[in-house]
1. Please check: in the Gaussian network model of the chain (C-alpha springs, under 10 Å), which one of 332, 367, 388 has the largest mean-square fluctuation.
2. Take the alpha-carbon centre of the range 373-418, take the same for the range 147-225, and report the distance between them in whole Å.
3. Leaving ligands, DNA and RNA out of it, report the carbon-plus-sulfur percent of the accessible area of the chain at a 1.4 Å probe.
4. Before I look further, what does the chain give for accessible area per residue, probe 1.4 Å, in whole square angstrom?
5. Helix 2-16: angle to the longest alpha-carbon principal axis of the chain, degrees 0 to 90, nearest 10?
6. For residue 324, which sequence-distant residues (separation of 5 or more, or a different chain) have an amide H within less than 5 Å of its own amide H, given hydrogens modelled in the peptide plane?
7. Give the longest segment of the chain that steers clear of GluC sites (Glu not before Pro) in DSSP loops with at most 11 neighbouring Cβ atoms within 10 Å, not counting the sites themselves.
8. Measure nothing fancy, just the Cα-based angle from helix 402-412's long axis to the longest principal axis of the chain, in degrees from 0 to 90, nearest 10.
Amino acid sequence: MNITKRYEEAKELYEKVGVDTELAIKKLSQVSVSMHCWQGDDVAGFEGAKGPSGGIQATGNYPGKARNPKELMDDMDMALSLIPGTHRINLHASYGVFEDGKTTDRDSLKPEHFRPWVEYARERGLGIDFNPTFFSHPLADSGLTLSHTDEEIRRFWINHGKACLKISEYIGKELNKPCLMNIWIPDGYKDIPADRYSPRKRLMDSLDEILATDFDKEYVQISVESKVFGIGLESYTVGSHEFYMNYASTRGVLCLLDSGHYHPTETISDKIPSLLLFSDKVALHVTRPVRWDSDHVVLFDDELREIAKEIIRNDALDRVLIGLDYFDASINRISAWVVGMRNMMRALLYALLLPNEMLAQYQNKGNFTEQMILQEELKTYPFGDVWNYFCEKMDVPIREMWYKKVKEYEENELLKRI
Ligand code: RNT
Ligand code: ZN
């Protein structure tokens, strides 16, 4: 009752600045965000790795990480039950499910290894996105995969990419929802390279070979993810932003912007409209870099709101494929998912509740004073009342109430995993 009453009052206030809260809620309820499975186990996967290699790192030792497919699926269920909306899940190739004792190397992974995930998603009405895993593997230990000088190693990774395309196609067809297959490789050098050109040429050729696989474009979308540096690979990254932006635009694949993969003062929010002008779609890995690509949990901060504004103001909810990408092992991992996913949705609602046309008109007419005043006042409009109403409507706990459920689950389940 209280929630509804407060919402009605908020609705009236927003109406005065020309914002339709009902429409905002309707649009938000249709949004799907890709929830990354790897937050649940510190990017370990099911092949026996302890943590990730490839210049990325999950730090912390909070108890209760998922150790097998069942635990990871249960934990994701717990998280999803506290996040408003119907979403997608994001899998890595290292999360294949094998029958007891059997394993298959990355170059010969098959759709059947992901059937349990497809069933999981189908039962819950979720979509699935997919990622080849070009790290946490002996043949990636040198820090080079698709750009390797050793033809046999390079070929192994090309075959991995091709195998993953077939798996993505299988997933897309089974769920009748396009699967986004994102390619990120760690390749780079710790110190100043003697040749910056040839590794990029080899990467270009490898990607072209992967894309030459026969696959149904209706069910698979491909994106490529650039990076500025990785741990131990500080001086040179083969798959840089310029490399992939040109690659994507010439090959008709999507550019994926990871908010941790640029220089510290560079933001991806500003890149979204530029990409939307030149390509049909753009993909995101929303994360939070703290001084480096640290992959902290996504908070409701300025950059998250700017990202959301660029999506909403450009009416691009169906052109920007939003996925999250962080891994914090120092806090309850389910809470990490819930905080980040709720914040992504919250930021989209924030942007949907702005009088975007009016603000743009101020800018176009040079009324920068009014523009600033309204933008600032809107920051303390009763946005939280609309958010609570939305959560209640979507049948998930309001405010911080959801943590009670996570705490219970921690006591009954997570702490028993030793
Ligand atoms: C690494 C990239 C990449 C990974 C995941 C696990 O810097 O951001 O997207 O985080 O694929
Ligand atoms: Zn990423």
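The values are calculated or read from the model by the stated rules, or taken from the named source; none is laboratory data. What you see is a predicted model, and the numbers here were worked out from it, not measured in a lab. Please note: Cβ atoms are built from the backbone with ideal geometry, for glycine as well, and neighbour counts cover all protein chains shown. These accessible areas exclude ligands, DNA and RNA; they are computed on the full protein's heavy atoms, side chains included. Shrake-Rupley method; radii C 1.70, N 1.55, O 1.52, S 1.80 Å.
1. With Cα springs under 10 Å in the chain, the top fluctuation among 332, 367, 388 is at 367.
2. 38 Å
3. On the way: 9530 of 18950 Å².
C and S fraction of accessible area: 50 percent.
4. Working: 18950 Å² over 418 residues.
Result: 45 Å² of accessible area for each residue.
5. Helix 2-16 sits roughly 80 degrees off the main axis of the chain.
6. When sequence neighbours closer than 5 places are left aside, the close amide H contacts are 34, 36, 286.
7. Details: sites that count: 99, 218.
Value returned for the longest uninterrupted segment is 219-418.
8. Roughly 40 degrees between the two axes.
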